[in-house]
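Only one structure is covered here, and it is reproduced in the block below.
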């Protein structure tokens, strides 16, 4: 017979085991959630030029502080956010010292809004504009974890710490393969700053925006912070073939490849009747190239007949060039009609500069989407216009007949008027 003491002891052991079993997984779940959490590092230019009073009647610094306070209030709970400054502490004239002036104002982690706002309130426009060094440190701030990583750089001028070129720094960060995106915002921009900030953003697949009002700055930073919390789509590595017959078959998704200089890359997509194929291709110059280049995207049948194409060209002002195409496959009267094999060809005309390695090929990103088509192709003016030709003919005929009737009626009225 079980005594009360033994029963009590057994219950204690049971509760202890349950507590241990629950506690360990709970900690593991918390660690996993933190590891997957999106990270954002706001990098703010606090150089002396931020004193200028040309944004909605206030200084650029005041506008940035106001925008930051509103952004901090709206930051999603799941985002780990940090703030880094550049040019905030050294007021002197020594460039070597000024170009080291970047500091972590608020560490990347769970957001304490009051603490972060207090830190921002202490900022005063001070020194140099070491964008390159700040980006390197900002990337280090985001180390660890497998969630999305994003730097949002806000500046009112170009870097003053050459020869550490910020665009080369951005390329170096992209080459690390850590999936870090840099978005740039230019306050009251000029042409030189726009070119530099655009180059930084494009090197990592980010965006550049020009902002001249406080509300624009607030809205844009909020959008970028929210974007960091969106689900991350990891590209699938693939390898295009040199001919359509040997091309890999792709389904809807995001793919990465390398496009060699002077080489075609072929892929194949099966498109069922009533579906629409949408493809976009981007080729990035991750090294010095000749100033003129282009990219051609073609969809052809397995027999080599071109269906549709997309093309774009560049002149050295951007590191990424993109184009796209659409192909709606007509409905079929046959039941269980087979899918059509569509071959997709990507060709670029980038040329490596003298002395630059040509291998590996340039980064290529391909987006493939097969969606429901617009319906019966006979009802859609697309790729042959279908009944659109009949409609055009009917309109022409109607206009012609109406013109004849109106002319006859006008002449009859004039004749009657003269008779009277």
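Values quoted throughout were computed directly from the atomic coordinates according to the rules given, and no laboratory measurement underlies them. None of these values were measured; they are calculated from a predicted model. Positions of Cβ are backbone-derived with ideal geometry, glycine not excepted, and every protein chain shown enters the neighbour counts.
Scoring 251-264, 179-192 by mean Cβ neighbours within 10 Å over their residues and listing the highest first yields 179-192, 251-264.
The alpha carbon gyration tensor of the range 41-154 gives principal lengths a ≥ b ≥ c with a/c of 1.5 or higher and a/b no greater than b/c, which makes the shape oblate. Using a simple spin-label model with pseudo-atoms 7 Å out from Cα toward Cβ, residue 315 and residue 172 lie 3.2 nm apart. The separation of the range 322-368 from the range 281-295, counted between C-alpha centres, amounts to 16 Å. Highest mean first, the peptides 116-129, 62-75 sorted by other C-beta atoms within 10 Å per residue fall in the order 62-75, 116-129. Over the C-alpha trace of the range 198-243, radius of gyration and Dmax come out as 16.1, 53 angstrom. Annotation: extensible slack from residue 223 through residue 95 equals 42.6 nm (criterion: 0.36 nm per residue apart, minus Cα-Cα distance).
The mean sequence separation of alpha-carbon pairs under 8 Å and at least six residues apart, normalised by the residue count of the range 227-374, gives a relative contact order of 37 percent.
As a proxy for reagent exposure, ranking 46, 342, 236 by other Cβ atoms within 10 Å from fewest up yields 236, 342, 46. Estimated at 0.36 nm per residue, the fully extended path between residue 56 and residue 308 surpasses their Cα-Cα distance by 85.9 nm.
Compactness ratio for the range 243-344: Cα radius of gyration over 2.2 N^0.38 Å (N = residue count) comes to 1.21. Taking a ≥ b ≥ c as the square roots of the eigenvalues of the Cα gyration tensor, an a/c ratio of 1.5 or more together with a/b larger than b/c marks the range 140-261 as prolate. Judged by the gyration tensor of its Cα atoms, with axes a ≥ b ≥ c, the range 31-229 is rounded; a/c sits under the 1.5 cut.
Calculated FRET efficiency, residue 188 to residue 401, Cβ-Cβ distance, R0 = 51 Å: about 0.25 to the nearest 0.05. Each peptide among 145-154, 303-312 gets the average number of other Cβ atoms lying within 10 Å of its residues, and from highest to lowest they stand as 145-154, 303-312. By the count of other C-beta atoms within 10 Å, a proxy for reagent exposure, 114, 323 are ordered fewest to most as 114, 323.
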